[in-house]
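This report concerns only the one structure given below.
Just so it is clear, none of the values below were taken in a lab; they were calculated from the coordinates. Just so you know, these numbers come straight off a predicted model, no measurement behind them. Note: ideal-geometry Cβ built from the backbone for every residue, glycine included; neighbour counts use all protein chains shown.
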Amino acid sequence: MGLTVIVSSRSKEEVIYNRLKTKEKKTKWRFVIPVFGIILIVCIVLLFFKLEGGLPQVQMSPESIFIGLRRDLTISASDEKSGLKKVRAALIKDGREIVLIDETFSSPDFFSGSDEKRKSYPLVIEPKKLGIQDGKGTLRIIAVDASWRNWLSGNTVWVEKEFTIDTHPPQVAVLSKFHYLNQGGTGLVIYKISEPSPQNGVMVGDRFFPGYSGQFQDPLTYLSYFALDHKQGPGTTVFIQATDEAGNSVRAGFSHQIKPKSFKKDVITISDEFLNNKMPEFDDDLGDGASGSPIDRFLKVNRELRERNYRQIVEICKNPERKKHWEGPFLRLPNSGPQAGFADHREYLYQGKVIDSQFHLGVDLASLEQSPVPASNAGKVIFADQLGIYGKTIIIDHGLGLFSMYSHLSRFDIQTGQLADKGRVIGHTGLTGLAGGDHLHFSIIIHHTFVHPVEWWDPLWIQKRIDAKLNGAESD
Ligand SMILES: [Zn+2]
C-alpha cells in the first residue's frame, strides 16, 4: 500500500528533521500557553476593574429644598473607581428645563478611565433672572461614570429633588398695641406672620430676641419677650424680623415709645480685710491667674471673671422652656430692704483711688442673715451651683425667655431640673461670691439681657404690659 511505501521509504534525515520540528512546536506551545494565560488574567483583572458596578455619588449642599431670591448651591459628583464621564443638572419647572450643569469628560485613551474622580459646581440660582415663577419644581442631577458596565455606557445615578421657589418675603402683622418701654426694661410684642418663618423675633440694637409660636390658637401667631438693656434709651432701633424657609427676610417696625431712665452712681470701698477674706474663694476660678497681689486678683475677678460668668449665664439661658410657667406678679424677698439698685454705676475705691467701675445688673435685697429665699414665680430650676462672682446661684426658667436669678446664697433647697412653685423656698441668703455682707442679689434676665426687676414686681405693669397683650384685650 502506498502509505506503507512512503513511511518505509523515509530517509533517516527526514525522521530526524520531523522530530526536531515536533520538539520546536512543543517549545513554541510552552511559551504560548503562559502568554495566553497572562493575557487572560490581565483581561479578567481589566474587566473586573473596567466593569465595576459602583454608582457615582452626587451631593447637594446646603440640603434645603427652598429657593429664595438667590440661592447659593453647590452640587458635587464623584466616582472614585472609573472616574466621571458625565455630570448634568437641571431645574424642571412649569414644563421647562433649565440646564445648570452639562459637562462630559473624555478619557485619555480607550483603556484608562476618566481622570475626573470628583468635581464640585458652585451655582447661584436667581429665579427672577432665570424667568421662573414661584411654586414647586424639580431639581434633577445625573452623573455617569466611565465604567464599561451596561455595554460601555457606564453606571448612572439619577437624583430628583422636589423644591419650592419662594421669592416673596413673609408679611408681618403686629397684633399687640401700645408698646411703652423703659430703658433697662422688658417689652412684649405679639405678631402674625403670613407663612412659617423659622427665624423670627425682635431685634433691639444688635441683640436678637426670638419669637415663639404655639402660644395662641393660630400657629402663625408669635410672641416675643424683648428687652432694652440699661444703656439702651430712646433712639434704640427696635423692629420685628422674620425670615421664611427660603431665606426671604422682612423687617417690620411697630409703634413703641422708649422712656429714658437714669441710674444711680455708687462707690464701693475695697478694704484689705475684704480682699484677704474674699480673694482665696476665687483661686479655683482664676487658675494660673491666682498669683499676684490681692488687688490684682480682685481686678481679675471683677473684670475677667464677671465677663466669663456673664457668658456662662447666656449659655445656661440658651434654650428656654417653650411654655409660660409663671403667673401674676413676681415675689420680692420678704421683709427686705434694698441695698443696691439695678444698673447702679459702681466705682471701686482702694486706698483713696478709683481702681475699677462696673454696672450692677440686679437688685440687692437684705433681710436677716440666712433668710429663706422664695422662688419669685413658678418655673424650672435650670441652674443651682457655684457661679464665680455670684457665689451659690439659682437660675429659674419661667418660659419663653424669662428667667430669674438668685445669688450669694448660703445654701440650696432645690436642685437643678426641679420645678419650683411660686413662693417655694429654694435657698437661703448668704455672702458667697463677691459679696461683702449677707444679702440676696436678684436679677431678671430676658434671654441674655438683664432688666430691671421692678417691672416684674409691679402688678399693674404685669396686667397692662403683659397680661392685657396675652389676653388680646388692650386696656391702655
Ligand atoms: Zn448685687
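Listing for the model above:
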{"quantity": "For segment 288-376: span of alpha carbons on each principal axis (Å, largest first)", "calculated": "48, 33, 24"}
{"quantity": "Of all DSSP beta bridges in the chain, antiparallel share, percent nearest 5", "calculated": "90"}
{"quantity": "Folded to 0 to 90 degrees: helix 306-316 orientation relative to the chain principal axis, Cα", "calculated": "60"}
{"quantity": "With 5 Å bins from 0: P(r) over segment 273-333, alpha-carbon pairs, percent", "calculated": "4, 14, 19, 14, 12, 11, 10, 9, 6, 2"}
{"quantity": "Taking the chain and dividing mean pair separation by its residue count, relative contact order in percent (alpha carbons under 8 Å, at least six apart)", "calculated": "11"}
{"quantity": "Mean ellipticity per residue at 222 nm, deg cm²/dmol - from DSSP H runs of n ≥ 4 across the chain, formula -39500 (n - 2.57)", "calculated": "-5500 deg cm²/dmol"}
{"quantity": "Ranked LYS469, LYS21, criterion: other C-beta atoms within 10 Å, fewest first", "calculated": "LYS21, LYS469"}
{"quantity": "Relative counts (whole %) of C-alpha pair distances in segment 57-165, using bins that are 5 Å wide", "calculated": "2, 12, 23, 22, 15, 11, 8, 5, 2, 0"}
{"quantity": "In degrees, nearest ten, helix 12-50 long axis to first principal axis of the chain (Cα)", "calculated": "20"}
{"quantity": "Neighbour-count order for MET60, MET279, MET203, MET405, fewest beta carbons within 10 angstrom listed first", "calculated": "MET203, MET60, MET279, MET405"}
{"quantity": "Exposed chymotrypsin sites (Phe, Trp or Tyr not before Pro) absent: longest stretch of the chain, with sites in DSSP loops and at most 12 other Cβ within 10 Å deemed exposed", "calculated": "112-476"}
{"quantity": "For segment 23-91: relative contact order, % (alpha-carbon pairs under 8 angstrom, 6 or more apart)", "calculated": "28"}
{"quantity": "Between segment 155-200 and segment 225-284, the Cα center-to-center distance that results, in Å", "calculated": "25"}
{"quantity": "P(r) weight above 38 Å for the chain, C-alpha pairs, percent", "calculated": "53"}
{"quantity": "Mean Cα-pair separation over length for segment 281-451, i.e. relative contact order, pairs under 8 Å, 6 or more apart, %", "calculated": "23"}
{"quantity": "Magnitude of the charge dipole, the chain, Cβ model with Lys/Arg +1 and Asp/Glu -1, debye to 20", "calculated": "2560"}
{"quantity": "Tail weight of P(r) past 22 Å, computed on alpha-carbon pairs of segment 362-476, percent", "calculated": "32"}
